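The values are calculated or read from the model by the stated rules, or taken from the named source; none is laboratory data. The model shown is predicted, which means the values in this text are computed figures rather than measured ones. Heads up, the Cβs are rebuilt from the backbone with ideal geometry, glycines too, and the neighbour counts pull from every protein chain shown. Note: accessible area is taken over every heavy atom of the protein model, side chains too, but ligands, DNA and RNA are not part of it. Shrake-Rupley method; radii C 1.70, N 1.55, O 1.52, S 1.80 Å.
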Amino acid sequence: MRVLFSSTSGFGHVIPMFPLANAFRAGGHEVLWATAAQSMPLVTAAGIDAVASGASGPEEAGIRRELRTLGDSVEPAARGAFVFPRMFGAALTPPMVADLMGIARRWEPDLLVHENAELAAPLVGAACGIPSVTHAFGGAVPVGPLIESGERLAGLWQSHGLEVPPYAGCFRSGYLDICPTSVQAMSTEHIEHIQPLRPVVDTTPTSGTTGEPLVYVTMGTVQQRPELLRDVVTGVAALPVRVLVALGPQTDAAVLGEQPGNVQVESWVDQTEVLGRCTAVVSHGGSGTFLGALARGVPQLCLPQAADQFRNADGGGRAGVSMALAPAEVTPDAVRTAVERLLSDPDLRLGAQRVAAEIAAMPAPEAVVPLLAAVQSRRHDDPRG
């Protein structure tokens, strides 16, 4: 079977699909990945063949910059719903459709797997008669932004002789849900066929550390504002702990200034390895870090700034597995106080361990591959793909 994966360029949208793509490859299937040119090295480094598709480079950076500037006028918690249909729908889908359509017709895949913000694959699948399965990049995307994305893309679908389905065409042949139910902040009742999928490969409980606790600090690859990073690191560094800070590949360590001896600053770390030995996590609450920490039973402090980060913080807080500070609440003292509680409150750690057990019980990627093979085998029986 040939499987064509597609994603937008964000690392947080690409990396969650690696386990499934590698499970397909391990099962003897052919895998090709379509994404923006700047994300191809990330994919090929994982051993997966990739092809450039859609807006990239300065063009995509300009789109993202313009829409984020527009989003600055919206309350932080509402920015995701504002930006999603404009960026992932109206702006990024048309150039992706143009490229992905050609790739699908040349390579002739049997199945399309697209992350929930890549909205070209459903159209291409419908036009070519290929099943398309939506892969979550974290918790469920709210219904509203998907409906609005569909409205903004109706003309594009019509230009291909198609009527846009509900939810911008997502979930045509199913939804791969990597978010454990206990921390799912959005309803998934509107999705007909849901297949749970374990979000990470390694669910070994954290080994902890000897001596002083290790606190891992990251604000992902997008939200590394210098003033925010400085406040966060200053707060954590004031505690009797070792601190490992991952800045992201585009941020210079100089933004933090001189740090005390208990702080180690890196541009990039093996996050899976770090999560296996840290005591607590302080992050933006992006889905990769949020679910990765929970899979290891590590309590965390979420400092959401945009998009799904607020949903993760809400789901984790309601489940009693994490703490959160709103953007206006982040000060060194507030961070220090919150991390002190992370390190001392047994209920938070027990809650995180319960979710770790829940994640470990979710179907592994290799168990889901045969189910998806069955989906593509029905393509000739179902004119919708």
(request) Using θ = phi - 60° and the Karplus relation 6.51 cos²θ - 1.76 cosθ + 1.60, list the HN-Hα couplings for the stretch 323-337 in order, rounded to whole Hz, with x at every Gly or Pro. (result) 10, 8, 10, 5, x, 6, 8, 7, 9, x, 5, 5, 5, 4, 4
(message) What do you get for the angle between helix 57-71 and the principal long axis of the chain? Use alpha-carbon atoms, 0 to 90 degrees, nearest ten.
(response) 70 degrees
(request) Could you tell me the accessible area of SER73 in Å² (1.4 Å probe, neighbours in place), rounded to the nearest ten? (result) 100 Å²
(message) For a quick check of understanding: with a 1.4 angstrom probe and all protein chains in place, what accessible area in square angstrom does ASP72 have, to the nearest ten?
(response) 100 Å²
(message) Angle check, please: helix 143-159 long axis (alpha carbons) against the longest principal axis of the chain (alpha carbons), in degrees 0 to 90, nearest 10.
(response) 30 degrees
(message) I'd like the accessible area for ARG242, computed on protein heavy atoms only with a 1.4 Å probe and all protein chains in place. Round to 10 Å², please.
(response) 90 Å²
(request) Could you go through the stretch 88-97 in sequence order and give the Karplus-derived ³J(HN,Hα) for each residue, using 6.51 cos²θ - 1.76 cosθ + 1.60 with θ = phi - 60°, rounded to whole Hz, and x for Gly and Pro? (result) 6, x, 5, 8, 8, 5, x, x, 5, 4
(request) Collect residues whose amide H, placed 1.01 Å from N in the peptide plane, falls under 5 Å from the amide H of PHE171; neighbours closer than 5 in sequence don't count. (result) THR134
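Could you state the per residue volume, in Å³, of the convex hull enclosing the Cα atoms of the chain? Could you put the intermediate results ahead of the total?
Details: hull volume 48.0 nm³, N = 385.
Taking the convex hull of the Cα positions in the chain, it is 125 Å³ per residue.
Provide the gained length on full extension for the span ALA61 to LEU350, in nm with one decimal, where the gain is 0.36 nm per separating residue minus the Cα-Cα distance. Write out the running numbers ahead of the final one.
Values: separation 289, 0.36 × 289 = 104.04 nm, distance 4.15 nm.
Extra length from ALA61 to LEU350 when fully extended: 99.9 nm.
If I take R0 = 25 Å and measure r between the Cβ atoms of GLN158 and HIS190 in this structure, what FRET efficiency does the formula 1/(1 + (r/R0)^6) give, to the nearest 0.05? The partial results should precede the final answer.
Values: r = 23 Å, r/R0 = 0.93.
With R0 = 25 Å, the Cβ-Cβ based efficiency is 0.60.
Once you have the Cα-Cα distance between ALA37 and ALA360, take 0.36 nm times their residue separation minus that, and quote the gain in nm to one decimal.
Numbers: separation 323, 0.36 × 323 = 116.28 nm, distance 3.38 nm.
Using 0.36 nm per residue and subtracting the Cα-Cα distance, I get 112.9 nm.
Per DSSP H run of at least 4 residues, take -39500 (n - 2.57); add these up for the chain, divide by its residues and hand me the 222 nm value, nearest 500 deg cm²/dmol.
Working: 15 runs with 159 residues, N = 385.
Computed ellipticity for the chain at 222 nm equals -12500 deg cm²/dmol.
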(message) Using each residue's phi in the stretch 305-315, evaluate 6.51 cos²θ - 1.76 cosθ + 1.60 at θ = phi - 60° and report the 3J(HN,Hα) Karplus result to the nearest Hz, with x for Gly and Pro.
(response) 10, 6, 6, 6, 4, 5, 5, 5, 4, 5, x
(request) Hey, for a label at ARG225 modelled as a point 7 Å past Cα toward Cβ, could you say which residues of the stretch 321-348 have their backbone N under 14 Å away? (result) 326-332
(message) Can you tell me the length gained on complete extension of the stretch ALA374 to THR204, counting 0.36 nm per residue apart and subtracting the Cα distance?
(response) 58.2 nm
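State the percentage of accessible surface on the chain attributable to carbon and sulfur atoms; use a 1.4 Å probe and exclude ligands, DNA and RNA.
On the way: 8160 of 15450 Å².
Looking at the chain in its full context, I get 53 percent from C and S.
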(message) Students often check this: by mean Cβ neighbours within 10 Å, which of 4-12, 141-149 ranks highest, and how do the rest follow?
(response) 4-12, 141-149
(request) Would you pull out the residues with amide H under 5 Å of ALA36's amide H, same chain only if 5 or more places away, H placed 1.01 Å from N? (result) SER9, SER53
(request) Note down the nm distance, to one decimal, between modelled labels 7 Å out along Cα→Cβ at ALA367 and at LEU70. (result) 4.3 nm
(request) Which order do the peptides 189-199, 80-90 take when ranked by the mean count of other beta-carbon atoms within 10 Å per residue, highest first? (result) 80-90, 189-199
(request) Within 10 Å, count the other beta carbons around each residue, average over each peptide in 297-307, 61-71, and list them highest first. (result) 297-307, 61-71
